[in-house]
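Report on the following structure.
The values are calculated or read from the model by the stated rules, or taken from the named source; none is laboratory data. Note that the coordinates shown come from a computational prediction; the quantities given were computed from them, not determined experimentally. Counting neighbours? That spans all protein chains shown, and the Cβs are built from the backbone with ideal geometry, glycine included. The accessibility values were calculated without ligands, DNA or RNA, using every heavy atom of the protein model including side chains. Shrake-Rupley method; radii C 1.70, N 1.55, O 1.52, S 1.80 Å.
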Protein chains: 2
Amino acid sequence: MAGRDRVVSLLRQLERMASSNIRYGEGVSREIGMDLQNLRAQNVCLMTDRNLSRLSPVKVVLESLTKNGVKYKLFDNVRVEPTDTSFKEAILFAKNDSFDVFVAVGGGSVIDTCKAANLYSCHPEADFLDFVNAPIGKGKPITGALKPLIAVPTTAGTGSETTGVAIFDYTPLKAKTGIASRAIRPTLGIVDPMHTLSMPERVTANSGFDVLCHALESYTALPYNQRSPCPPNPINRPAYQGSNPISDVWSRHALHVVAKYMKRAVRDPEDLEARSSMHLASVFAGIGFGNAGVHLCHGMSYPIAGNVKTHSAKGYSVEHPLVPHGLSVVLTSPAVFNFTAPMCPERHLEAAHILGADVRQLKRDDAGAVLADTLRQFLFDLQVEDGLGALGYSLDDIPALVKGTIPQERVTKLSPRGHTEEDLSQLFQASMKLY
Amino acid sequence: MAGRDRVVSLLRQLERMASSNIRYGEGVSREIGMDLQNLRAQNVCLMTDRNLSRLSPVKVVLESLTKNGVKYKLFDNVRVEPTDTSFKEAILFAKNDSFDVFVAVGGGSVIDTCKAANLYSCHPEADFLDFVNAPIGKGKPITGALKPLIAVPTTAGTGSETTGVAIFDYTPLKAKTGIASRAIRPTLGIVDPMHTLSMPERVTANSGFDVLCHALESYTALPYNQRSPCPPNPINRPAYQGSNPISDVWSRHALHVVAKYMKRAVRDPEDLEARSSMHLASVFAGIGFGNAGVHLCHGMSYPIAGNVKTHSAKGYSVEHPLVPHGLSVVLTSPAVFNFTAPMCPERHLEAAHILGADVRQLKRDDAGAVLADTLRQFLFDLQVEDGLGALGYSLDDIPALVKGTIPQERVTKLSPRGHTEEDLSQLFQASMKLY
Ligand SMILES: NC(=O)c1ccc[n+]([C@@H]2O[C@H](COP(=O)([O-])OP(=O)(O)OC[C@H]3O[C@@H](n4cnc5c(N)ncnc54)[C@H](O)[C@@H]3O)[C@@H](O)[C@H]2O)c1
Ligand SMILES: NC(=O)c1ccc[n+]([C@@H]2O[C@H](COP(=O)([O-])OP(=O)(O)OC[C@H]3O[C@@H](n4cnc5c(N)ncnc54)[C@H](O)[C@@H]3O)[C@@H](O)[C@H]2O)c1
Ligand SMILES: [Fe+2]
Ligand SMILES: [Fe+2]
């Protein structure tokens, strides 16, 4: 086969459509005891956070375990927005026992922590940084077998029940990073919309913004056939493969659901239809971005969250200052999509249209501005803080924010538009104030 | 938890979103040698049919195997539309050696045969009927581990690379039946649209009709929350769970692609965009129906294919009389959707709309007629035989056709509308002549 053909064929391909095992429905988490029996679980590690341990999602799961005679031990000290330190505490808990199945009941913080606990307790010899993404960690491939992990998401946001990703704040560098490998993807996600009814208003809003950005970023990510380098051996290709005809279906669909239901879900905690739809949209968007990847909003969010100063997050029941993930992601979205629009204006126009803008009279050149305006209006309607400034950031912080974005190349390289440090700087600057 | 709530929660759920590992792109099958190396394959069983063994898809795969030094043995005696006898021949081939990976290069006939060969050679003690669907077989659950199977589909039709289904004609009863278990789902599907360029015109048309019916039937299947009985233990629930918000996304998307590209793909073998799009649509529809199920068109197709008399299929390079699967499925579609429309008229109207009908002035009561008319026009445009009559069937055959449909309850029970033998009889009768 000729050299040129070979290169073309390698670039014009979509490596794989990741798969997820999801059960969805009102009340489905009540069956988890039976699932654990089917797995012949003898000693289950159940993880959650302090706040959730008092709430209905955990109660329902515990009842089902008890009813089915499943033995478990509870770790409820997951940190909201985990750090290396909090991951290590959970890992130690898992290492000090011998669990045969892991169960995570909570938002992304709990599910990600549980993935790490499963991973490192099954690799007791490994260093913590071994499996962490390069350049912060060593990015070693995971070779050993893990225990089954059942994820029961209680937010409608991260889609962590569908992904092989676990995110944490690496405190020495004040930047979020993570572990990414298909090996840590949950065996089963139990998506029970009843669990979302207890979400506080801001948790609903912020986790919904996460869904919005997963959908928008994966839909506008660099197309799979333009990504390079493309390692010749399929086994060496990254999990994030760029936007592609399969992830597009998920991303676009999730965007439709967000447009239709997100405001209702935030405003009315009793609107089961809206909250249930958002819960499923978080799964859709998770599958979409789990295949295609995310790009600048997520890449830039990690230092925004990592450098947090005093911002305290309403509804998050935590003592420490915190920029919730969804908020840290969405605040830069107007600037980011204004910046990326020239590379695929049709997709940006289509996204604006799905989110309610009238785009009939618009030209390709208007795509960035109209999507940015549509997003600003959406955030304003949902009473989001007025930009990075409102979180306590000033222009002086921009160099640190840019510096914290550099190591996020694993995601930022999926941006459809190449970018310099100067570009990043301007994107942060444009995100200081939104309205 | 109250008894009634319990029932509701069990019914209102979607058990799982089946997952598929798909690689898609022009030329991707050239990498299969590396995949096999990655799997450390020592002795590969490569299956195909006689016709394909002389064509480019098999050549490309063999070249890649040779180039990567992968040892294999070739079985090229797959029967087009397999039977119990032809399955057994392939099983014997597999049993007489010790293969560590299976590779299927072909249409549904090859992929299904390879699934059976993998299954029974890994269960040498099992009787052939053990794993065959009840009531014809014993429908035993598959407990042992199978070898990896890589499926390289060369038709744009069955979606067999995504499903845990293997269909064959059980000659003693003249009716198609199959094996259905997640265990036989291919480990990886390599979807290389270049392979579809060599499909003869009628193979393109008939396999495209299979995609059309997978999409239409799964989209109109009994909703997942109305299916009963719903076994309390998740492990006992069937693979086909009724239409649901996840399969809907796949089915509807596949229908859009069929509407846009199928005629082009049939008419112009060089139209790579159209053939490539149909290839991916077959994957989408496969995932859709693999989750939701199909219903009457498929249930009724099995006796139509099984009782074949003299019909010889153009372009199928076989000696024996044959009603190709896609043809056997689509001929009853106008009658079937006219019959099922009253149960979910909006979905039938939407399908007609996607397929090009102007439905703006129409009422719910018109849904069945308009979808039936749209399908008839679509079939006429694609020069399909004029109904069951044109295949050699007459009214005298109807009792046999009805009798052959009865054991297909595994699929027909997913029809949104309940039906008597008299109803089936009328559906066959209405399908004798279409135009
Ligand atoms: N793994 C991935 O693919 C992925 C993707 C995106 C984000 N993340 C990570 O996930 C984390 C964020 O997760 P999140 O947004 O789901 O929130 P979270 O898990 O941090 O929870 C936020 C707060 O909401 C509370 N809460 C959660 N569910 C509740 C419910 N049903 N009722 C009442 N209170 C509830 C929690 O106790 C906590 O106080 C971040 O660390 C982020 O980086 C991971
Ligand atoms: N497992 C499932 O989920 C599933 C679903 C639907 C149908 N099926 C089964 O699949 C079978 C039908 O499969 P099919 O429609 O893919 O056709 P097929 O495998 O029966 O092949 C039809 C003909 O086309 C030829 N052919 C295939 N690809 C070609 C190519 N690229 N170039 C030239 N010739 C080519 C074959 O040699 C054969 O002569 C039936 O037995 C049906 O019951 C299975
Ligand atoms: Fe996120
Ligand atoms: Fe089919």
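Condition check ((1) within 16 Å of ligand 3 (Cβ to nearest atom); (2) open to solvent by less than 20 Å² (accessible area, probe 1.4 Å); (3) in a loop (DSSP other than H, G, I, E, B)) across all residues:
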{"site": "B:K314", "(1), (2), (3)": "no, no, yes"}
{"site": "B:H320", "(1), (2), (3)": "no, no, yes"}
{"site": "B:S328", "(1), (2), (3)": "no, yes, no"}
{"site": "B:P334", "(1), (2), (3)": "no, yes, no"}
{"site": "B:T340", "(1), (2), (3)": "no, yes, no"}
{"site": "B:R347", "(1), (2), (3)": "no, no, no"}
{"site": "B:A351", "(1), (2), (3)": "no, yes, no"}
{"site": "B:L362", "(1), (2), (3)": "no, no, yes"}
{"site": "B:A369", "(1), (2), (3)": "no, no, no"}
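For segment B:109-122, check the following and say yes or no: at least one residue is touching a Pro at 6+ places or on another chain (Cβ under 7 Å), touching a residue at least 24 places away in the same chain (Cβ under 8 Å), in the same structural domain as B:L146 (by TED's automatic domain parsing) and among the charged types (D, E, K, R). Working first, answer last.
Quick first cut of segment B:109-122, residues touching a Pro at 6+ places or on another chain (Cβ under 7 Å) only: B:109, B:111-113.
Subset that is touching a residue at least 24 places away in the same chain (Cβ under 8 Å): B:109, B:111-113.
Pick out the ones that are also in the same structural domain as B:L146 (by TED's automatic domain parsing) and you get B:109, B:111-113.
Okay, now just the ones that are also among the charged types (D, E, K, R), so B:112.
There is at least one residue in segment B:109-122 that is touching a Pro at 6+ places or on another chain (Cβ under 7 Å), touching a residue at least 24 places away in the same chain (Cβ under 8 Å), in the same structural domain as B:L146 (by TED's automatic domain parsing) and among the charged types (D, E, K, R).
What number of residues within segment B:24-36 are more than 8 Å from chain A (Cβ to nearest Cβ) and out of contact with any Ser or Thr (no Cβ under 6 Å at 6 or more places or on another chain)? It would help to see each step written out before you state the result.
Step one: of segment B:24-36, the residues more than 8 Å from chain A (Cβ to nearest Cβ) are B:29, B:32-33, B:36.
Subset that is out of contact with any Ser or Thr (no Cβ under 6 Å at 6 or more places or on another chain): B:29, B:36.
Final tally of qualifying residues: 2.
If you scan segment A:220-244, which residues turn out to be open to solvent by 10 Å² or more (accessible area, probe 1.4 Å) and within 16 Å of ligand 1 (Cβ to nearest atom)? Let's see the steps before the verdict.
Looking only at segment A:220-244, we keep the residues that are open to solvent by 10 Å² or more (accessible area, probe 1.4 Å), and these are A:222-233, A:235-240.
Within segment A:220-244, A:P238, A:A239, A:Y240 meet the criteria.
Can you tell which of A:L379, A:L388 is part of a helix (DSSP H, G or I), within 23 Å of A:K260 (Cα to Cα) and under 24 Å from the mean Cα position of the chain (by Cα)?
A:L379
Can you tell me which residue among B:S86, B:S121, B:S98 is open to solvent by 20 Å² or more (accessible area, probe 1.4 Å), in a helix (DSSP H, G or I) and of a type in the set (G, A, S)? Steps first, answer last, please.
Values: B:S86 fails: open to solvent by 20 Å² or more (accessible area, probe 1.4 Å); B:S98 fails: in a helix (DSSP H, G or I).
Only one candidate qualifies: B:S121.
Report yes if B:H256 is in a helix (DSSP H, G or I), surrounded by fewer than 18 Cβ atoms within 10 Å (Cβ to Cβ), within 13 Å of another protein chain (Cβ to nearest Cβ) and not β-branched (V, I, T), otherwise no. Quick ask: steps written out before the conclusion?
Numbers: in a helix (DSSP H, G or I): yes; surrounded by fewer than 18 Cβ atoms within 10 Å (Cβ to Cβ): yes; within 13 Å of another protein chain (Cβ to nearest Cβ): yes; not β-branched (V, I, T): yes.
Yes: the conditions hold for B:H256.
Scan (1) outside any loop (DSSP other than H, G, I, E, B); (2) within 16 Å of ligand 4 (Cβ to nearest atom); (3) in contact with a strand residue (DSSP E or B) (Cβ under 9 Å, 6 or more places away or on another chain); (4) of a type outside the set (A, V, I, L, M) for the single condition B:T155 breaks and write down its number.
(1)
When you look at B:Q408, is it open to solvent by 60 Å² or more (accessible area, probe 1.4 Å) and touching a helix residue (DSSP H, G or I) at 6+ places or on another chain (Cβ under 8 Å), yes or no? Outline the logic, then answer.
Details: open to solvent by 60 Å² or more (accessible area, probe 1.4 Å): no; touching a helix residue (DSSP H, G or I) at 6+ places or on another chain (Cβ under 8 Å): yes.
No: the conditions fail for B:Q408.
What are the pairs with Cβ atoms under 6 angstrom where one residue, in segment B:291-311, is within 14 Å of chain A (Cβ to nearest Cβ) and the other, located anywhere, is within 14 Å of ligand 2 (Cβ to nearest atom) and open to solvent by 10 Å² or more (accessible area, probe 1.4 Å)? Sequence gap at least six, or different chains.
B:N291/B:A18
Could you look through segment A:380-396, keep only residues that are surrounded by 20 or more Cβ atoms within 10 Å (Cβ to Cβ) and in contact (Cβ under 8 Å) with a residue 60 or more places away in the chain, and pick out the one that is nearest to A:A215 (Cα to Cα)? First the steps, then the outcome.
Taking segment A:380-396 as the starting set, the residues that turn out to be surrounded by 20 or more Cβ atoms within 10 Å (Cβ to Cβ) are A:384, A:387-388, A:391, A:393.
Imposing the further condition that a residue be in contact (Cβ under 8 Å) with a residue 60 or more places away in the chain reduces the set to A:384, A:388, A:391, A:393.
Details: A:V384: 19, A:L388: 22, A:L391: 24, A:Y393: 27 Å.
If we take residues in segment A:380-396 being surrounded by 20 or more Cβ atoms within 10 Å (Cβ to Cβ) and in contact (Cβ under 8 Å) with a residue 60 or more places away in the chain, then A:V384 is nearest to A:A215 (Cα to Cα).
Just checking, which of A:P234, A:P186, A:P245, A:P229 is away from ligand 3 (no atom under 15 Å from the Cβ), outside the structural domain of A:V411 (by TED's automatic domain parsing) and within 19 Å of A:A292 (Cα to Cα)? So that I can check it myself, show each step before the final result.
Values: A:P234 fails: outside the structural domain of A:V411 (by TED's automatic domain parsing); A:P245 fails: outside the structural domain of A:V411 (by TED's automatic domain parsing); A:P229 fails: outside the structural domain of A:V411 (by TED's automatic domain parsing).
Only one candidate qualifies: A:P186.
From A:M1, A:M17, which residue is at pLDDT below 95 and open to solvent by 20 Å² or more (accessible area, probe 1.4 Å)?
Working: A:M17 fails: open to solvent by 20 Å² or more (accessible area, probe 1.4 Å).
Criteria check complete, one pass: A:M1.
Just to verify a result, which residue in segment A:173-219, among those that are within 12 Å of ligand 1 (Cβ to nearest atom) and among the hydroxyl-bearing types (S, T, Y), is farthest from the other protein chains (Cβ to nearest Cβ)?
The selected residue is A:T177.
Whether any residue in segment B:203-218 is farther than 25 Å from B:G25 by Cβ, more than 13 Å from ligand 4 (Cβ to nearest atom) and out of contact with any strand residue (DSSP E or B) (no Cβ under 6 Å at 6 or more places or on another chain) is what I want to check.
No, because not a single residue in segment B:203-218 is farther than 25 Å from B:G25 by Cβ, more than 13 Å from ligand 4 (Cβ to nearest atom) and out of contact with any strand residue (DSSP E or B) (no Cβ under 6 Å at 6 or more places or on another chain).
Do the conditions hold for A:R275, that is, is it surrounded by fewer than 21 Cβ atoms within 10 Å (Cβ to Cβ), more than 16 Å from ligand 3 (Cβ to nearest atom), of a type in the set (K, R) and touching a residue at least 24 places away in the same chain (Cβ under 8 Å)? Outline the logic, then answer.
Numbers: surrounded by fewer than 21 Cβ atoms within 10 Å (Cβ to Cβ): no; more than 16 Å from ligand 3 (Cβ to nearest atom): yes; of a type in the set (K, R): yes; touching a residue at least 24 places away in the same chain (Cβ under 8 Å): yes.
Against the criterion (surrounded by fewer than 21 Cβ atoms within 10 Å (Cβ to Cβ), more than 16 Å from ligand 3 (Cβ to nearest atom), of a type in the set (K, R) and touching a residue at least 24 places away in the same chain (Cβ under 8 Å)), A:R275 does not qualify.
Just give me the residues in segment A:233-277 being under 23 Å from B:S277 (Cβ atoms) and among the aromatic types (F, W, Y), in sequence order.
A:W250, the sole residue that qualifies.
Test A:D358 against the criterion of being farther than 17 Å from A:S431 by Cα, more than 16 Å from ligand 1 (Cβ to nearest atom) and not in a loop (DSSP other than H, G, I, E, B), and give yes or no.
Criteria not met by A:D358.
Would segment A:125-136 turn up any residue that is assigned by TED's automatic domain parsing to the domain that holds A:T85, crowded, with 23+ Cβ neighbours inside 10 Å and part of a strand (DSSP E or B)?
Residues of segment A:125-136 that are assigned by TED's automatic domain parsing to the domain that holds A:T85, as a first pass: A:125-136.
Checking which are crowded, with 23+ Cβ neighbours inside 10 Å leaves us with A:131-132.
Restricting the remaining residues to those that are part of a strand (DSSP E or B) gives A:132.
The answer is yes; a qualifying residue exists.
Restricting the search to segment B:135-167, which residues are away from ligand 2 (no atom under 14 Å from the Cβ) and either touching a His at 6+ places or on another chain (Cβ under 7 Å) or free of Cβ contacts under 8 Å to residues at least 60 places away in the same chain (or both)? Lay out the reasoning, then the answer.
Restricting attention to segment B:135-167, the residues satisfying the condition of being away from ligand 2 (no atom under 14 Å from the Cβ) are B:135-148, B:150.
Listed by number, the residues that qualify are B:G137, B:K138, B:G139, B:K140, B:P141, B:I142, B:T143, B:G144, B:A145, B:L146, B:K147.
Answer yes if at least one residue in segment A:422-431 is buried (at least 19 other Cβ atoms within 10 Å of the Cβ), of a type in the set (A, V, I, L, M) and at pLDDT 95 or above, and no otherwise.
Residues of segment A:422-431 that are buried (at least 19 other Cβ atoms within 10 Å of the Cβ), as a first pass: A:424, A:427-428, A:431.
Those still in the list that are of a type in the set (A, V, I, L, M) too: A:424, A:427.
Adding the requirement that they be at pLDDT 95 or above leaves A:424, A:427.
Yes, some residue in segment A:422-431 is buried (at least 19 other Cβ atoms within 10 Å of the Cβ), of a type in the set (A, V, I, L, M) and at pLDDT 95 or above.
Can you tell me how many residues within segment B:181-219 are within 17 Å of the chain's Cα centre (by Cα), open to solvent by less than 10 Å² (accessible area, probe 1.4 Å) and among the charged types (D, E, K, R)?
2
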